[in-house]
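> Quick one: the structure is below, questions incoming.
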Amino acid sequence: MNEYIESAEHQIRSQHEGIQVLVEKNQQKVLDAFQKLKVSDSHFNPTTGYGYDDFGRDTLEELYAEIFSAEDALVRPQIISGTHAITTALFGVLRPGDELVYITGEPYDTLEEVIGGKEGQDKGSLADFGITYQAVPLKDNREVDLGLVKDAVSERTKVVAIQRSKGYADRPSFTISEIEQMIRYVRSLKNDVVVFVDNCYGEFVEEQEPVEVGADLIAGSLIKNPGGGLARIGGYIAGRKQLIELCSYRLTAPGLGKETGASLNTLQEMYQGIFLAPHVVGEALKGAIFTAKLLDSLGFSTSPRFDEPRTDLIQSVDFDNAEQMVQFCQAIQGASPINSHVTPHPSPMPGYESDVIMAAGTFIQGASLELTADGPLRAPYTAFVQGGLTYAHVKIAVGRAAEKLIQSGFAQPKTSLKN
């Protein structure tokens, strides 16, 4: 096994060097923002209760706005996940009679009940408030179908949504350049539409972020990329100031908005997390490239391939059957720093229609900037490997998982180490 690992590392050397250049550029951007806002240790002081006059919280939001080239931002521990951040943004902007159009196909499974719920149920979904919804299917080649987008966008369309990352979908993730083209086309159809980008898993993977290419609003989770592996909770929304104000009214209450919301004891880890984020994202990207190359050498189909452009952390691996996929995920769990003695099994999970196998031996529950491997147990049996606080851990864990697949007869190394 060692020779395959060494060969994989040798063949991805130029990709790793490119990641290091990206890390340094994004680190410079983050450092400049810290210095511009004169962040000091007094910004780490917690507040309680209503959280009035929390200048550490307010400066953190200015910092996110600066880093993401936005007019304003909402960064709060009260936002519990990426799904919650997206929900807050959509409910903040949309009103009864408006329409939401996703132009990148169906969004994450966890958003299904947020958008529509099941017929006859009243859970407070967008549909329950008279907000209509369309999802424009992708072309057979998995590109955005501009013809269908043109048919979908109408006078009622208030928000056009773009999901940057593939999530659990069988498609490539969309690069910043591709998102820019989508936004330009949508603006040509309806100039006043609000363009929202789900930015989960994408922060710091490229030099630019969606707001820089025309997005009005973006959202994400702090237990993913921007938390740097340190934030224990939280999410963010960034974009146009007027829209952020509307989102803040949804998160707290109309009239209160951003003026309330205690930071408790979360500020230092959020500041330090966003500072470390470019580096940790770089480690995870190096790990994803290694994963793609090593598993490709064992005959598995990986997407993206090791030498293809990347815009998020997610590395998908296709297995022949459920048994292979489960064993791989169990091996990743066994190589985790936390709960390595626990064996995950497919089981129901809130927000997902199929049973999910999830290897997540993480310090922070559900933190997908840490190394995880999971996916719904349905054809084509794709495991989504993401994260890694250190490249060394990804290398060890994936190497062990690959070795177990070989020992079980589920993988056969290619005869040549040069492919």
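> Treating only the Cβ atoms of Lys and Arg (+1) and Asp and Glu (-1) as charged, compute the dipole magnitude of segment 41-140 about its Cα centre; round to the nearest 20 debye.
The calculation lands at about 240 debye.
> Enumerate the calculated ³J(HN,Hα) couplings along segment 264-279 in order (Karplus 6.51 cos²θ - 1.76 cosθ + 1.60, θ = phi - 60°), each rounded to whole Hz, writing x wherever the residue is Gly or Pro.
6, 10, 10, 5, 4, 5, 6, 5, 5, x, 5, 5, 7, 3, x, 5
> Can you list the residues, at least 5 places off or on another chain, whose amide H is less than 5 Å from the amide H of Tyr201, using H built in the peptide plane?
Ser221, Asn225
> Relative contact order for segment 168-318 using alpha-carbon pairs under 8 Å, separation at least 6, rounded to a whole percent?
23
> Now for a different question. With a/c under 1.5 counting as rounded, go ahead and sort segment 196-275 into rounded, prolate or oblate using the C-alpha gyration tensor (a ≥ b ≥ c being the square roots of the eigenvalues; past the cut-off, prolate if a/b is larger than b/c, else oblate).
Judged from the Cα gyration tensor, segment 196-275 comes out oblate (a/c at least 1.5, b/c at or above a/b).
> For the ranges 395-408, 310-323, 70-83, what's the packing order if you count other beta-carbon atoms within 10 Å of each residue, average per peptide, and put the highest first?
70-83, 310-323, 395-408
> Another question about this same structure. Whenever you get a sec, compute what percent of the accessible area on the chain sits on carbon and sulfur atoms (1.4 Å probe).
Percent of accessible area from carbon and sulfur atoms in the chain: 49.
> Quick one: grab Rg to one decimal and Dmax as a whole number for segment 241-344, Cα atoms only, in Å.
20.4, 58
> Next question, about the same structure. How far is helix 322-334 tilted, in degrees, relative to the longest principal axis of the Cα atoms in the chain, given as a value from 0 to 90 rounded to the nearest 10?
The angle comes out at about 80 degrees.
> Continuing with the same structure: Work out the length of the dipole vector of the chain about its Cα centre, built from +1 on the beta-carbon of each Lys and Arg and -1 on the beta-carbon of each Asp and Glu, and round it to the nearest 20 debye.
That gives the chain a dipole magnitude of about 340 debye.
> Report, in listed order, any pair from Lys224/Lys286; Lys25/Lys286; Lys25/Lys258 with a Cα-Cα distance greater than 21 Å.
Where the Cα-Cα span goes over 21 Å, the pairs concerned are Lys25/Lys258.
> What accessible area per residue, rounded to a whole number of Å², is obtained for the chain using a probe radius of 1.4 Å?
42
> Hey, how many Å between the Cα centroid of segment 147-202 and the Cα centroid of segment 73-101?
Distance between centres, Cα-based: 16 Å.
> I would also like to ask the following. Say the dipole of segment 307-419 comes from +1 at the beta carbon of Lys and Arg and -1 at that of Asp and Glu; which of Val385, Gln315, Gly399 then lies farthest toward its positive end?
About the Cα centre, the residue reaching furthest to the positive side is Gly399.
> Any chance you could give the angle, 0 to 90 degrees and rounded to 10, that helix 2-11 forms with the longest Cα principal axis of the chain?
For helix 2-11, the angle is close to 50 degrees.
> Would you calculate, for the chain, the mean residue ellipticity at 222 nm contributed by helices, counting each DSSP H stretch of 4 or more residues as -39,500 (n - 2.57) and dividing by all residues, to the nearest 500?
-12000 deg cm²/dmol
> For segment 12-171, what's the relative contact order in percent, using C-alpha pairs closer than 8 Å and at least 6 residues apart?
Value for segment 12-171: 19 percent.
> Please determine, in degrees from 0 to 90 and to the nearest 10, the orientation of helix 391-407 with respect to the longest principal axis defined by the Cα atoms of the chain, where the helix direction is its Cα long axis.
50
> Tyr133's amide H: which non-local residues (gap 5+, or another chain) put their own amide H closer than 5 Å, with H modeled 1.01 Å from N in plane and none for Pro or chain starts?
Under 5 Å from the amide H of Tyr133 lie the amide H atoms of Leu100, each far enough along the sequence or on another chain.
> I'd like the antiparallel share, as a percent to the nearest 5, of DSSP beta bridges with both residues in the chain.
If I count the DSSP bridges inside the chain, around 60 percent turn out antiparallel.
> Return the long-range amide H neighbours of Leu256 (sequence gap of 5 or more, or a different chain), with a cut-off of under 5 Å between placed amide H atoms.
Answer set, sorted by chain and number: none.
> Next question, about the same structure. Extent of segment 65-208 along each principal axis, from alpha carbon coordinates, in Å, largest to smallest?
43, 40, 31
> Mind listing the phi-derived Karplus ³J(HN,Hα) values for segment 283-293, rounded to whole Hz, using 6.51, -1.76 and 1.60 with θ = phi - 60°, and x for any glycine or proline?
In residue order, the calculated couplings are 4, 5, 5, 4, x, 5, 5, 4, 4, 4, 5 Hz.
> If you don't mind, another one. Counting only C-alpha contacts under 8 Å and six or more residues apart, can you give the relative contact order of the chain as a whole percent?
Relative contact order here is 18 percent.
> What does the charge dipole of segment 255-387 about its Cα centre add up to, to the nearest 20 debye, if the Cβ of each Lys and Arg holds +1 and the Cβ of each Asp and Glu holds -1?
Using only the charged Cβ atoms, the result is roughly 200 debye.
> Along segment 181-188, what does the Karplus equation 6.51 cos²θ - 1.76 cosθ + 1.60 (θ = phi - 60°) give for ³J(HN,Hα), rounded to whole Hz, x for Gly and Pro?
5, 4, 5, 4, 5, 4, 4, 5
> Turning to a different aspect of this structure: Taking square-rooted eigenvalues a ≥ b ≥ c of the alpha carbon gyration tensor, is the chain rounded, prolate or oblate, where a/c under 1.5 means rounded and, failing that, a/b exceeding b/c means prolate?
Since a/c reaches 1.5 and a/b is larger than b/c, the shape of the chain is classed as prolate.
The values are calculated or read from the model by the stated rules, or taken from the named source; none is laboratory data. Quick caveat: nothing in here was measured; it's all calculated off a predicted structure. Neighbour counts are summed over all protein chains in view; Cβ atoms, including those assigned to glycine, are modelled from backbone coordinates with ideal geometry. What goes into the accessible areas is simple: the full protein's heavy atoms, side chains included, and nothing from ligands, DNA or RNA. Shrake-Rupley method; radii C 1.70, N 1.55, O 1.52, S 1.80 Å.
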